[in-house]
1. What's the percent breakdown of Cα-Cα distances in region 153-208 across 10 Å bins, shortest bin first?
2. Each residue of region 311-326 in turn: what ³J(HN,Hα) in whole Hz from Karplus with 6.51, -1.76, 1.60 and θ = phi - 60°, glycine and Pro shown as x?
3. What is the projected area of the convex hull of the Cα atoms of the chain, averaged over all directions, in nm²?
4. Can you tell me which of 143-150, 296-303 comes out highest on packing, and rank the rest after it, using the mean Cβ neighbours within 10 Å?
5. Considering the Cα positions of region 251-348, please state its Rg to one decimal place and its Dmax as a whole number of Å.
6. Using +1 on the beta carbon of Lys and Arg, -1 on that of Asp and Glu, and nothing else charged, what's the dipole of the chain about the Cα centre, debye to 20?
7. Rank-order 91-103, 207-219, 272-284 by packing density, defined as the average count of other C-beta atoms within 10 Å over each peptide's residues, highest first.
8. Quick one: net charge around LEU161, please, counting Lys, Arg +1 and Asp, Glu -1 for every other residue with C-beta under 13 Å from its C-beta.
Amino acid sequence: MRIICIGSLTIMIAAVSHRLAVLIAALSLSAAVLPAAAATLVVYSARNEQLIKPVFDAYTRETGVQVKFTTGDAAVLIERLAAEGRNSPADVLMTVDAGELWNAAERGLLRPVSSAQLAKNIPAHLRDPGNRWFGLSMRARTIAYSPARVDAAKLGTYEGLAGPEWKGRLCLRTSKKVYNQSLVATMIAALGEQKAEQVVRGWVANLATDVFANDTQLLEAIAAGQCDVGIVNTYYFGRIVKDRTDFPVKLFWANQGAGGTHVNISGAGVTQHSRQAAAATRFLEWLSAGPAQAHFAAVNMEFPANPAATIDPLVQSWGPFEPSLINVAEAGRLQPAAVRLMDRAGYR
Ligand code: FE
């Protein structure tokens, strides 16, 4: 009897521990699959709230993952990340220029992410060769001109705008903005420093007026007849022509067949000290594909980084172009040289 009892007890214990093992296995399985569903991701973003919130909200609806974000100037967010170190609540850093992501990566603030999806979705020239950041939208910086005063056949390259025929006809945004620093940095990569400096000196000699604080003012100056050509990010043009179809300025794709139009990215990386790197990586993967990728670009009239994603119809109406295939990391690496070059050339 006792033996039987002990036997039953053994069997019972065995049965219970088996169930327990199954339960534990089930729990750890859901722990492996589900923490993303319960997680809250924290994003430090240099991209504006109105451009990220609709996309982040869609992620929450689709996955249950909350996305909290803090927006601010990239340099400030990067300093904050560095100061917070291991205690930083941030899982993802998002910026609107590859140079900023390059800086953050160089300072050890971003971690390499191994993701077959990100490697497949984002072209190699729009992501860090070390996999610490990835472009999520592509922005083109090209030539804008007055079709009334400029024969488009006379346009060709950024370098061409240094020629004598553009004397007193060129408008430029300030060299203090990272966009022009990145443009000049990739010109250094393509042409070498000496040739790039000649070009920038030519631009300065051709200026119609003092440099502008932003691309929108520059476009308005062309429309008003203050100058005939300039260099802008295409989404600023898009913001204007969305409401003013008769805006008397056109875009010209620079450097076709000559190295391609200068492109930059808005993009993101997973922070070095994120405690949810896997969930943060899944978030970036989600942003790199499907409707999220199309939406992320369309909210700012940019180009999707993923070539398979749908382009906004207005953006598409500007026609296809050949982008520069120089890795956008060069914009970061050569930024200090670009700043010194522009200073020497008197580009303010
Ligand atoms: Fe911008």
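Read the figures in this text as sums done on the coordinates, not as results from a lab. What you see is a predicted model; the values in this text were computed from it and never measured. Cβ atoms come from the backbone with ideal geometry, glycine included; neighbour counts cover every protein chain shown.
1. The distribution over region 153-208 is 24, 56, 20, 0, given as percents.
2. Each residue's phi maps through the Karplus curve to give 8, 3, x, 5, 5, 4, 5, 7, x, x, 8, 8, x, 5, 9, 5 Hz.
3. Details: hull surface 84.4 nm².
Convex hull of Cα atoms, orientation-averaged projection: 21.1 nm².
4. Details: 143-150: 17.8, 296-303: 23.2.
Per-residue mean Cβ counts within 10 Å order the peptides as 296-303, 143-150.
5. Values for region 251-348 (Cα only, Rg and Dmax): 16.9, 47 Å.
6. Details: 34 positive and 28 negative charges, 139 e Å.
Computed about the Cα centre, the dipole is about 660 debye.
7. Working: 91-103: 25.9, 207-219: 17.7, 272-284: 19.9.
Descending packing order for the listed peptides: 91-103, 272-284, 207-219.
8. Details: positive: ARG141, LYS154, LYS167, ARG169, ARG201; negative: GLU159, GLU165, ASP228.
Surrounding charge for LEU161 is +2.
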